[in-house]
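> Below you will find the structure I want to go over with you.
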Amino acid sequence: MKKCRKLMLMVIFLAFCSLGFSKEVTEMSSNNKIESEKSSQNMGNNNVIQEIINSIPSSKANKRKSDYEAKLISKMKIVEKRIQDKMDNSSSSLEVKEAIGELDKKWDDELNKVYKLVMGKLPANLKTKLRNSQREWIQYRDKEAEEESRETGSVEAYGDTTTKLTKEKTIQLAKLYDSLKN
């Protein structure tokens with residue numbers, strides 16, 4: 001009787017474990033699908049920039065290799081280091097949050113600057129395409145930042161995510177601008 005009860009309890013325990021594992025696998029699969037959709041949404045946005053670069057005659061695109069991009073990265077490394085030092089020496093979470101906001105603003109300013117430079121070099125049909133792509137990207141960036149903030153429960157995560165994505169987009173646009181120069 002005791003053995004039967006132990007066996008029954010063990011079967012029930014294994015069933016619960018199996019259900020829990022199954023639920024976890026389903027959640028992981030669902031999360032992977034969501035990540036894949038997000039990635040493909042962002043890739044679609046990146047493809048517009050790559051399309052524009054590919055439409056430039058190769059002799060023009062290869063004349064200058066990343067002058068603007070290199071200067072931008074060099075300049076922003078100094079800014080990032082200064083702000084990182086500020087965060088490392090901060091005594092409150094408010095100071096960290098302000099530093100993250102400052103870095104986000106610096107990258108956003110650079111994004112707007114290079115976006116205007118690129119728009120000044122593009123023909124009308126490509127301007128419209130890039131403008132629409134950027135609008136979609138802004139929605140994507142904000143959605144990603146909100147999700148990251150919600151998942152981590154951290155306000156700083158929002159700023160970290162927008163900064164990271166804005167930095168990536170700024171560098172992409174800098175590459176595009178370098179391809180368009182001359």
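The values are calculated or read from the model by the stated rules, or taken from the named source; none is laboratory data. Note that this is a predicted model, so its numbers are computed, not measured. Note: ideal-geometry Cβ built from the backbone for every residue, glycine included; neighbour counts use all protein chains shown.
> Going by the conditions given, is Leu126 touching a residue at least 24 places away in the same chain (Cβ under 8 Å), out of contact with any His (no Cβ under 9 Å at 6 or more places or on another chain) and under 29 Å from Glu98 (Cα atoms)? Spell out how you get there, then give the answer.
Details: touching a residue at least 24 places away in the same chain (Cβ under 8 Å): yes; out of contact with any His (no Cβ under 9 Å at 6 or more places or on another chain): yes; under 29 Å from Glu98 (Cα atoms): no.
Against the criterion (touching a residue at least 24 places away in the same chain (Cβ under 8 Å), out of contact with any His (no Cβ under 9 Å at 6 or more places or on another chain) and under 29 Å from Glu98 (Cα atoms)), Leu126 does not qualify.
> Does Thr152 satisfy the condition of being exposed (fewer than 14 other Cβ atoms within 10 Å of the Cβ), within 17 Å of Lys97 (Cβ to Cβ) and β-branched (Val, Ile, Thr)? Break it down stepwise before answering.
Working: exposed (fewer than 14 other Cβ atoms within 10 Å of the Cβ): yes; within 17 Å of Lys97 (Cβ to Cβ): yes; β-branched (Val, Ile, Thr): yes.
When the stated conditions are applied, Thr152 passes them.
> Within the range 125-132, can one find any residue that is under 25 Å from Val48 (Cβ atoms) and hydrophobic (A, V, I, L, M, F, W, C)?
Yes, some residue in the range 125-132 is under 25 Å from Val48 (Cβ atoms) and hydrophobic (A, V, I, L, M, F, W, C).
> Follow-up. Within the range 139-182, how many residues turn out to be at positive phi and in contact (Cβ under 8 Å) with a residue 24 or more places away in the chain? Show your work before the answer.
Here is the first cut: in the range 139-182, the residues at positive phi are 153, 182.
Remaining after also requiring in contact (Cβ under 8 Å) with a residue 24 or more places away in the chain: 182.
Selection size over the range 139-182: 1.
> Out of Glu168, Glu136, Glu147, I need the residue that is farther than 16 Å from Asn47 by Cα, of a type in the set (D, E, K, R) and surrounded by 13 or more Cβ atoms within 10 Å (Cβ to Cβ). Which one? Quick ask: steps written out before the conclusion?
Values: Glu168 fails: farther than 16 Å from Asn47 by Cα; Glu136 fails: farther than 16 Å from Asn47 by Cα.
Step by step, each of Glu168, Glu136, Glu147 is checked, and only Glu147 is farther than 16 Å from Asn47 by Cα, of a type in the set (D, E, K, R) and surrounded by 13 or more Cβ atoms within 10 Å (Cβ to Cβ).
> Which numbered condition in (1) of a type outside the set (A, V, I, L, M, F, W, C); (2) surrounded by 10 or more Cβ atoms within 10 Å (Cβ to Cβ); (3) at pLDDT 55 or above is the only one that Ser92 fails?
Ser92 satisfies every listed condition except (2).
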